[in-house]
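The values are calculated or read from the model by the stated rules, or taken from the named source; none is laboratory data. Fair warning: this is a prediction, and the values are worked out from it, not measured in the lab. Here the Cβ positions follow ideal geometry from the backbone for every residue, glycine too, while neighbour counts run over all protein chains shown. Each accessible area value is taken on the protein alone, full model and side chains, heavy atoms only, with ligands, DNA and RNA left out. Shrake-Rupley method; radii C 1.70, N 1.55, O 1.52, S 1.80 Å.
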Amino acid sequence: MTKALFFDIDGTLVSFHTHRIPSSTIEALEAAHAKGHKIFIATGRPKAIINNLSELQKRNLIDGYITMNGAYCFVGEQVIYKNAIPQEEVKAMGDFCEKKGVPCIFVEEHHISVYQPNEMVKKIFYDFLHVDVIPTVSFAEATGKEIIQMTPFITEEEEREIRPSIPTCEIGRWYPAFADITAKGDTKQKGIDEIIRYFDIRLEDTMAFGDGGNDISMLRHAAIGVAMGQAEKDVKAAADYVTAPIDEDGISKAMKHFGII
């Protein structure tokens, strides 16, 4: 029976320490794909900054992508789902970030830009995640386009403060310094539903692997949810199985445990 395997990128496929995909993970995904299983990416990253999967892409191991935490899904060149944030809520977030003097990354379908970049943007996105420098835009430019995801550099306290002004948005986190915001209902769980509908795969034939707060919805939704060993307690609690950390062959061990390889 074909299984649909969904993988988060950062901290699940790609190590935060080496910034590479462990060789054991590549071998496991090759073995699973050779047996006919489908492999999908499920990430908070937009397509424009998915820059660390070349070892899988050159082997043609990826069958489709859930990006922007479920708000933009595609298979090859075909977009199978996209959903923008209401314009008034984009403006509300822009106003809030301007007032607080903090950065916000705005993601369109094909472009990404940043408003009010600071040292934290450099530290996390450029130095830590190795993302190319993101173009800087004005407040008017940032909030005047169709935006699918916003990434404001706000604290959890500030998140609670802005929440009433963005009532039809989802807020998720996979890194403490910022939040990812999409339209209501757009989560990795939604992405799984769109992918399996496109491929006509049953939900009971799905597995999801993740390590961050934005993975919780898909770990609960998939037939089997696997949390990485270094994940926080709330992520592990949402999973059916906790494997070893990413740098201790966690993906390979979990796939062997469940008989995928």
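At-a-glance table
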{"quantity": "Cα-projected label distance for Asp234 with Lys184, points at 7 Å along beta-carbon direction, nm", "calculated": "2.1"}
{"quantity": "Volume per residue that the Cα convex hull of the range 122-261 spans, once the total is divided by residue count, Å³", "calculated": "153"}
{"quantity": "Charge dipole magnitude, Cβ of K and R +1, D and E -1 - the range 181-253, Cα centre, debye nearest 20", "calculated": "260"}
{"quantity": "Highest-MSF residue in the chain out of Ala42, Ala71, Ala142 [GNM, Cα springs under 10 Å]", "calculated": "Ala142"}
{"quantity": "For the chain, the longest site-free run once GluC sites (Glu not before Pro) in DSSP loop states with at most 14 other Cβ atoms within 10 Å are removed", "calculated": "147-231"}
{"quantity": "Helical contribution to [θ] at 222 nm, DSSP H n ≥ 4, -39,500 (n - 2.57), averaged over the chain, rounded to 500", "calculated": "-7500 deg cm²/dmol"}
{"quantity": "Relative contact order (%) - criterion: Cα under 8 Å, at least six apart; region: the range 44-149", "calculated": "27"}
{"quantity": "Computed lengthening from Phe258 to Val75, 0.36 nm per intervening residue step minus Cα-Cα distance", "calculated": "63.3 nm"}
{"quantity": "Taking N as its residue count, the alpha carbon Rg of the range 115-177 over 2.2 N^0.38 Å", "calculated": "1.22"}
{"quantity": "Mean separation of Cα contacts under 8 Å (6+ apart) over length of the chain, as relative contact order %", "calculated": "21"}
{"quantity": "Kirkwood Rh in Å, taken over all unlike Cα pairs in the range 145-224", "calculated": "13.8"}
{"quantity": "Under 18 Å from the Cα of Lys82 - lysines, other chains or at least 8 residues apart", "calculated": "Lys47, Lys145, Lys184, Lys188, Lys190"}
{"quantity": "Kirkwood Rh in Å, taken over the chain so that all alpha-carbon pairs contribute", "calculated": "18.4"}
{"quantity": "Taking N as its residue count, the alpha carbon Rg of the range 194-261 over 2.2 N^0.38 Å", "calculated": "1.09"}
{"quantity": "Cα-based equivalent ellipsoid of the range 64-157: semi-axis lengths in Å, sorted from largest, via gyration tensor", "calculated": "22, 17, 12"}
{"quantity": "Degrees separating the helix 87-100 axis from the principal Cα axis of the chain, which is the longest one", "calculated": "70"}
{"quantity": "Normalised contact order of the range 1-85, rounded percent, pairs of Cα under 8 Å and 6 or more residues apart", "calculated": "26"}
{"quantity": "Carbon plus sulfur fraction of accessible area for the chain, probe 1.4 Å, in percent", "calculated": "49"}
{"quantity": "Å² per residue, accessible surface of the chain at 1.4 Å", "calculated": "43"}
{"quantity": "Long-range Cα-Cα pairs in the range 1-147 (distance over 17 Å), rounded percent", "calculated": "65"}
